[in-house]
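What follows is calculated from the coordinates using simple rules that are stated; it is not laboratory data. Given the structure is predicted, the values throughout are model-derived calculations rather than measurements. No Cβ is skipped: glycine too gets one built from the backbone with ideal geometry, and neighbour counts run over all protein chains shown.
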């Protein structure tokens, strides 16, 4: 069978959730499906070259690479890419199936498989720029209804797809996320006592609740002033509300902004932390939670969405927007959160990309061209 795949989220040294999922799923799928032909569709030549140089499995003999321009970095260009460029590439190559791991369908009669990670843009349109939200709500909703097969990354997201879009549950297969690479406990180059948070600086990540909780903790416990909060991640767009809230904090000098960190740097950050904090208001999965667990780092996370499913009883689950609860939890962890480490190691070890790709491969085996 000839299977085309949207790989435009594979950006060298800039992988985030969808990109990590795409890369690691393909790493498992391609060697296990050598009897099939794959067409990988890229939207920028630098990404195609950089990823192929870095990951040899992308150069397997059953893979063809196709550049579809222009680079799709804006909803208008997304529309052109998915409505003009991709359909032409699929037709010319003779694809039997098209898999889009970012949930966005192509304008084609070829049968499509889509991975929809979550529907945060449906439930909280204020979290994304208006033009992005409008595009997602139009095309991901349409794709969910017309796709032959849907994948998602958690049971919570699967239920949300059924309830929000009315798609049949039997149409959805769960292929969970896992760390971008296996991680483990060990020494850290980061010094001192600190908590950490990892993720894009967007409203959905709800960092402001953590920061307010941190500020209250610093104020209520002056003996803890030697602690720091290390935050890794970049902003995707300007957020005036977040910037205004930062200006009200009294202890912002104890917060360190590390920018984007890659695999080894992230592992070092997790390893040395007193605890990892994930205050997100909604997650389809939450890869950093599992990464921290695999490093033996105690986890504090919001009690909502797929985070409750992923963390289970292996971490401290907290009311999402309760600043006082987050402040109190920081003190509990500062006193000693070691009891969470062993539970987290066991839980974190349950998430692997081989296990995640297995259901996808089962769908492929049962599919007739």
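Before moving on, here are some points about what is shown:
- Output for region 285-294, where each listed residue is in contact with a strand residue (DSSP E or B) (Cβ under 8 Å, 6 or more places away or on another chain) and more than 17 Å from residue 233 (Cβ to Cβ): 293
- All positions within region 309-326 that are buried (at least 18 other Cβ atoms within 10 Å of the Cβ) and more than 28 Å from residue 218 (Cβ to Cβ): 310
- Any hit, region 52-67, residues being under 24 Å from residue 107 (Cα atoms) and outside any strand (DSSP E or B): no
- Considering region 145-184, and only residues there that are free of Cβ contacts under 8 Å to residues at least 40 places away in the same chain and within 20 Å of residue 22 (Cβ to Cβ), the residue that is surrounded by the most Cβ atoms within 10 Å (Cβ to Cβ) turns out to be 150.
- All conditions but one from (1) buried (at least 22 other Cβ atoms within 10 Å of the Cβ); (2) touching a helix residue (DSSP H, G or I) at 6+ places or on another chain (Cβ under 7 Å); (3) farther than 26 Å from residue 134 by Cβ apply to residue 26; the one that does not is (2).
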